[in-house]
Amino acid sequence: MPESKSDVLQGTLDLMVLKTLDAMCPLHGYGIARRIEQVSDNSLSLNQGTIYPALLRLQQRGWIKGEWGTSETGRRARFYSLTRTGRKQMDHEAENWDRIAATMARFLAPSR
């Protein structure tokens, strides 16, 4: 049976955006969405209705900033980058997910 693309697990998109910008900023929204899909080996699917509200939310929290520029296709686009506060939040969120993943790994491990 072929694998289908999954929706993003609630609570993970912010961290994925922050980590993407940490590695590759500045990027426009479309570029962020495509990079997240690429890193997930295309197992995640992000559309405009998912990525742009997240970018707005992150910008309102002061974790990212956006500046207008010109995309590689010559179109006007908003390019996002990580702020100092965003970097601290990214580190905090990553630590939380590490703890959650370790806890879930214990539950998913075969019982002894």
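The values are calculated or read from the model by the stated rules, or taken from the named source; none is laboratory data. Just so it is clear, the model here is predicted, and its values are computed rather than measured. Glycine gets a Cβ as well: all are built from the backbone with ideal geometry, and neighbour counts include every protein chain shown.
I'd like the full set of residues that are hydrophobic (A, V, I, L, M, F, W, C), more than 21 Å from residue 85 (Cβ to Cβ) and in a helix (DSSP H, G or I), limited to segment 37-55. It would help to see each step written out before you state the result.
Of the residues in segment 37-55, the ones hydrophobic (A, V, I, L, M, F, W, C) are 39, 44, 46, 51, 54-55.
Adding the requirement that they be more than 21 Å from residue 85 (Cβ to Cβ) leaves 39, 44, 46.
If the condition is that a residue be hydrophobic (A, V, I, L, M, F, W, C), more than 21 Å from residue 85 (Cβ to Cβ) and in a helix (DSSP H, G or I), then 39 is the only one that fits.
Within segment 15-51, count every residue that is under 25 Å from residue 92 (Cβ atoms), touching a Ser or Thr at 6+ places or on another chain (Cβ under 7 Å) and of a type in the set (S, T, N, Q).
0
Across segment 66-79, what is the total count of residues that are basic (Lys, Arg) and in a loop (DSSP other than H, G, I, E, B)? Spell out the reasoning first.
Pass one, segment 66-79, residues basic (Lys, Arg): 75-76, 78.
Checking which are in a loop (DSSP other than H, G, I, E, B) leaves us with 75.
Going through segment 66-79 one residue at a time, the tally reaches 1.
Looking at segment 86-111 only, could you name the residues that are of a type outside the set (A, V, I, L, M, F, W, C), farther than 30 Å from residue 65 by Cα and assigned to a helix (DSSP H, G or I)? I'd like the intermediate steps shown before the answer.
Filtering segment 86-111 down to residues of a type outside the set (A, V, I, L, M, F, W, C) leaves 86-89, 91-93, 95-96, 98-99, 103, 106, 110-111.
The next check asks that each one be farther than 30 Å from residue 65 by Cα; those that pass are 103, 106, 110-111.
103, 106, listed by residue number.
Mind checking whether some residue in segment 56-65 is surrounded by 15 or more Cβ atoms within 10 Å (Cβ to Cβ) and either modelled with pLDDT under 95 or in a helix (DSSP H, G or I) (or both)? Spell out the reasoning first.
Step one: list which residues in segment 56-65 are surrounded by 15 or more Cβ atoms within 10 Å (Cβ to Cβ), which gives 58-59, 63-65.
If we keep only those that are either modelled with pLDDT under 95 or in a helix (DSSP H, G or I) (or both) too, we end up with 58-59.
Yes, segment 56-65 contains a residue that is surrounded by 15 or more Cβ atoms within 10 Å (Cβ to Cβ) and either modelled with pLDDT under 95 or in a helix (DSSP H, G or I) (or both).
I'd like the full set of residues that are buried (at least 16 other Cβ atoms within 10 Å of the Cβ) and of a type in the set (A, V, I, L, M, F, W, C), limited to segment 34-55.
36, 44, 46, 51, 54, 55
Output the residues belonging to segment 74-112 that are out of contact with any strand residue (DSSP E or B) (no Cβ under 8 Å at 6 or more places or on another chain), within 23 Å of residue 53 (Cβ to Cβ) and among the aliphatic types (A, V, I, L, M).
Of all residues in segment 74-112, those out of contact with any strand residue (DSSP E or B) (no Cβ under 8 Å at 6 or more places or on another chain) come to 74-75, 84-85, 87-89, 91-112.
Among the residues that remain, those that are also within 23 Å of residue 53 (Cβ to Cβ) are: 75, 85, 87-89, 92-94, 96-97.
Selection gives 94 alone.
Determine which member of the set 103, 20, 70 is surrounded by 18 or more Cβ atoms within 10 Å (Cβ to Cβ), without any contact (Cβ under 8 Å) to a residue 24 or more places away in the chain and out of contact with any Asp or Glu (no Cβ under 6 Å at 6 or more places or on another chain).
Numbers: 103 fails: surrounded by 18 or more Cβ atoms within 10 Å (Cβ to Cβ); 70 fails: surrounded by 18 or more Cβ atoms within 10 Å (Cβ to Cβ).
Of 103, 20, 70, the one residue that is surrounded by 18 or more Cβ atoms within 10 Å (Cβ to Cβ), without any contact (Cβ under 8 Å) to a residue 24 or more places away in the chain and out of contact with any Asp or Glu (no Cβ under 6 Å at 6 or more places or on another chain) is 20.
Take the conditions over 17 Å from residue 14 (Cβ atoms), touching a His at 6+ places or on another chain (Cβ under 6 Å) and small (Gly, Ala, Ser) and apply them to residue 105. Does it pass? If you could, list the steps in order and put the result at the bottom.
Working: over 17 Å from residue 14 (Cβ atoms): yes; touching a His at 6+ places or on another chain (Cβ under 6 Å): no; small (Gly, Ala, Ser): yes.
Considered against the rule, which asks whether it is over 17 Å from residue 14 (Cβ atoms), touching a His at 6+ places or on another chain (Cβ under 6 Å) and small (Gly, Ala, Ser), residue 105 comes out as no.
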